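All of the numbers you see were taken from the coordinates with simple rules; none came from a lab. Computed from a predicted model, the values in this text were never measured in an experiment. Here Cβ is always computed from backbone atoms with ideal geometry, including for glycine, and neighbour counts include all displayed protein chains.
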Amino acid sequence: MSPLSISVQPTPNVNALKFMLDRRLTEGKSRTFRSPEEAPDEPLARALLAIPGVVIAVGYLRVFHGWSVPGLGAPLTSTWLVLVIVYAMRRLPYTVRGAYAALQQLPVDLEEAGQNLGANRARTFVKITLPLMARGLLAGGLLAFISSAVDLSATILLVPRVELGPLSYGIYLYMQSAVGRGPGAALGVVAILLVAAGTWAATALTRRSGGALFRA
């Protein structure tokens, strides 16, 4: 069988493209796959379903597309809030792990000393524990931010409008045409620098706290 040829054509929607194949792939019937196990003979379908961001985005579209946000009168998937929720759910483990690693490195004697001096548990946490955990929380937050900024798998399905798309979505849009490859490449450099700077800052914060961000 000869290699499959795919041509790209514009559509009336400036944010969408049409992909034309040089041969028929099905017998005119649509097929739906909800899990990789349902598509054993479809490599493309298995690959798409194996991407966590795509699975989460499809789930949010199916659940929240008809649910209106109180006060906005619009579905959740048509607002920028859906991106915030998805990024938080996908990247929150970075922050939680950073907080856990920082908490594991705190001397218990400091908390006990505060309680012996009359502070209750809440005051001890606010005045002693939380400030000592700040670097771990900030490092985890930085990792969550930079990973969200370059995420595309969920963003490409959930971004409501072009102007609300993050950095990765801007790179994707620019690279769809030969004219936009220059700006797309420039944004790619910005993304690389952002990830490098964020990773360096997170590493520096964990070193200053005297431990490792992902210590078991």
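Determine, for ILE146, ILE85, ILE192, the number of other Cβ atoms within 10 Å of each Cβ, and report the residues in order from fewest to most. All intermediate terms of the calculation are to be shown ahead of the outcome.
Values: ILE146 22, ILE85 14, ILE192 11.
Going from least to most buried by this count: ILE192, ILE85, ILE146.
Karplus couplings for the stretch 178-184 from phi (6.51 cos²θ - 1.76 cosθ + 1.60, θ = phi - 60°), rounded to Hz, Gly and Pro as x?
5, 5, x, 5, x, x, x
Just the ratio, please: alpha-carbon radius of gyration of the stretch 44-184 over 2.2 N^0.38 Å, N its number of residues. Show your work: numbers first, answer last.
Numbers: Rg = 20.7 Å, N = 141, 2.2 N^0.38 = 14.4 Å.
It is 1.44.
For the stretch 126-135, what does the Karplus curve 6.51 cos²θ - 1.76 cosθ + 1.60, with θ = phi - 60°, yield as ³J(HN,Hα) per residue in whole Hz, taken in order and with x for Gly and Pro?
Result, rounded to whole Hz: 5, 8, 10, 5, 4, x, 6, 8, 4, 5.
Each residue of the stretch 152-166 in turn: what ³J(HN,Hα) in whole Hz from Karplus with 6.51, -1.76, 1.60 and θ = phi - 60°, glycine and Pro shown as x?
10, 4, 7, 4, 5, 9, 10, 4, x, 9, 4, 5, 9, x, x
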